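The values are calculated or read from the model by the stated rules, or taken from the named source; none is laboratory data. Since we're looking at a predicted model, the values are computed, not measured. Glycine also receives a Cβ, built like all others from the backbone with ideal geometry; neighbour counts cover every protein chain displayed. The protein model used for the area step is the full one, side chains on, heavy atoms only, and it has no ligands, DNA or RNA in it. Shrake-Rupley method; radii C 1.70, N 1.55, O 1.52, S 1.80 Å.
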Amino acid sequence: MEIKITKTTTPKTMPPEDKLGFGKVFTDHMFVMDYEEGRGWHDARIVPFGYVSLHPASTVLHYGAEIFEGLKAYRRADGGVQMFRPMENIRRMNNSAERMSLPLLDERDALEILTTFVRLEERFVPKSFGTSLYLRPFMFGNDESLGVHAVKRATFMLIASPSGSYYAEGINPVKIMIENEDVRTVRGGTGYAKCGGNYAASTRAGERAAKKGYSQVLWLDGVERKYIEEVGAMNVMFKIDGEIVTPMLTGSILPGITRKSCIEVLTKMGYQVSERLLSVDELVEALESGKLEEAWGCGTAAVVSPIGKLAYGDKEYVVSGGKIGEVTQKLYDTLTGIQWGKLEDTFGWVYKI
Ligand SMILES: *Cc1c(COP(=O)(O)O)cnc(C)c1O
């Protein structure tokens, strides 16, 4: 595909790596392309980073036709740059697009867009272990009319943000509260799609949890409020009496690439991993009997996030003595080792650029 590049005349200076934070600093450029029914995707371009101008009737502003992805470009120990399973993100974006009646991307074009963009912005890929260039592809419906229907016009964009280490202060297990009131999504809904509205609708529970001193909520399914689904915006895994359990993908759970990678790593290490329904009653029973050995969230941003405390109603339980568990630590070491190019990638997951 042809990508027209217009370079900025005012290049930014890269902030010190320990001052990056997450998603606050952006690179010099952004990628944009447009879609129109009948014409397909066109005008692929990289332009100086800047504001987006939209018609006030633009679909995204009224009916929330928006999807996104999140992946990282990592600086390898040998100085090169690589992505982690980027095709998985591209395929998931197309699944999200299909759910939201947005146009699909050509998979190979999407990979070329990511690669071309990261090459151009290479100087923004930070160097220290744990830091990365966070890549945010997103797409929105852009019809200039208020009719409710599948969009005829859309825009796809890619922006990138050099980001600091998630664990700049070390890996501290988090306190999580089981959410009994709000639900994130329901089966038949949009839970498996990375669409903007899912996050707008789930912030309230997170905010309420924060007021009570918890970092996030553990979501229950929206139909019976019985089965564990995810933790905040991460997938969740437990080690119960030797078995590793993660909720099966029922349609309301986002199929995380970190989740998938954890399952593959653990299986290779010889653990028994079950993707199945896990009820809150079974979890509480495991907590009370001391059979819950470890619990952690997993997602691209944190890789793994150990859960040290879990609250249900007015009871609070300590998990793994409030420390990171053995399996959680092994997963962290293996995945970050592969992502930052310190460990040999025996899975064929890294994509060097
Ligand atoms: C993105 C996301 C995840 C994690 O997916 P990864 O591909 O591992 O980053 C999990 N749950 C939700 C709700 C998400 O949005």
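Could you name the lysines in cross-link range of K152, using Cα to Cα under 28 Å and dropping any fewer than eight places away on the same chain?
K4, K194
Give, in nm to one decimal, the length gained when the segment between L104 and K352 is fully stretched (0.36 nm per residue of separation minus the Cα-Cα distance).
86.8 nm
With only alpha-carbon atoms in the gyration tensor, what are the semi-axes of the equivalent ellipsoid for the chain, in Å, largest first?
Each semi-axis is √(5λ); the values are 34, 25, 18 Å.
Mind checking the dipole of the chain: about its Cα centre, +1 per Lys or Arg Cβ, -1 per Asp or Glu Cβ, Debye to the nearest 20?
Dipole of the chain, to the nearest 20 debye: 780 debye.
Quick one: Debye curve from the alpha-carbon atoms of region 258-353 only, equal weights, vacuum; give me log10 I(q)/I(0) at q = 0.19 Å⁻¹ to two decimals.
With one equal scatterer per Cα and no solvent, log10 I(q)/I(0) is -0.98.
Take N95, project a point 7 Å from its Cα along the Cβ direction, then tell me which residues of region 235-271 have their backbone nitrogen under 13 Å from it.
Once the point is set 7 Å along Cα→Cβ of N95, 248-261 turn out to lie under 13 Å by backbone N, inside region 235-271.
Give me the percent of the accessible area of region 1-153 that comes from carbon and sulfur atoms, probe 1.4 Å, all protein chains in place.
Within region 1-153, the accessible surface is 52 percent carbon and sulfur.
Could you give the accessible area per residue of the chain, probe 1.4 Å, as a whole number in Å²?
About 45 Å² of surface per residue is accessible.
Run the numbers on the chain and let me know its relative contact order in percent, using alpha-carbon pairs under 8 Å that are six or more apart.
About 18 percent, as a whole number.
Given a 1.4 Å probe and the protein chains all in place, what does the accessible area of D18 round to, in Å² to the nearest 10?
Counting only protein heavy atoms, the figure is 130 Å².
Find, among the trypsin sites (Lys or Arg not before Pro) in region 12-64, those assigned to loop by DSSP (not H, G, I, E, B) with at most 14 other beta-carbon atoms within 10 angstrom.
The qualifying sites are K12, K24, R39.
Give the separation of the Cα centroids, region 200-240 to region 109-159, in Å.
Cα centres, region 200-240 to region 109-159: 28 Å.
Suppose R0 equals 25 Å; then what is the FRET efficiency for K330 and S279 from their Cβ-Cβ distance, rounded to the nearest 0.05?
Result of the calculation: an efficiency of 0.40.
Report, to one decimal in Å, the Kirkwood hydrodynamic radius for region 294-333 based on all distinct Cα pairs. Write down the numbers at each step before the final one.
On the way: mean 1/r = 0.0943 Å⁻¹.
Result for region 294-333 stands at 10.6 Å.
Can you list, bin by bin at 5 Å, the percent of alpha carbon pairs in region 174-339, starting at 0?
2, 9, 19, 24, 22, 15, 7, 2, 0
Round to the nearest 0.05 the FRET efficiency obtained for E122 and F68 when R0 = 35 Å and r is the Cβ-Cβ distance. Could the numbers behind the result be given before it?
Details: r = 23 Å, r/R0 = 0.65.
Efficiency for this residue pair is about 0.95.
Semi-axes, largest first, in whole Å: what does sqrt of 5 times each Cα gyration tensor eigenvalue give for region 4-163? If you can, show how the numbers build up before the last one.
Working: eigenvalues 168, 56, 40 Å².
Sorted largest first and rounded, they come to 29, 17, 14 Å.
Leaving out same-chain residues fewer than 8 places away, which lysines sit with a Cα under 22 Å from that of K291?
Within the straight-line limit of under 22 Å, K291 reaches these lysines: K175, K226, K239, K309, K315, K323, K330.
Å³ per residue of the Cα convex hull, for region 232-272?
With only Cα atoms used, region 232-272 gives 70 Å³ per residue.
Roughly speaking, what is the stretch gain from N180 to E2, that is 0.36 nm per residue apart minus the C-alpha to C-alpha distance, in nm to one decimal?
Going from the current span to full extension adds 59.1 nm.
Can you tally the net charge around P103? Count Lys and Arg as +1, Asp and Glu as -1, for every other residue whose Cβ sits under 11 Å from the Cβ of P103.
So the surrounding residues net to -2.
Which is the longest stretch in the chain that no exposed loop site breaks, taking sites as GluC sites (Glu not before Pro) with a DSSP loop state and at most 15 other Cβ atoms within 10 Å?
After excluding every exposed loop site, the longest remaining stretch is 38-168.
Taking the alpha-carbon centroid of each part, what is the distance from region 39-82 to region 249-307 in angstrom?
When both Cα centres are located, 31 Å separates them.
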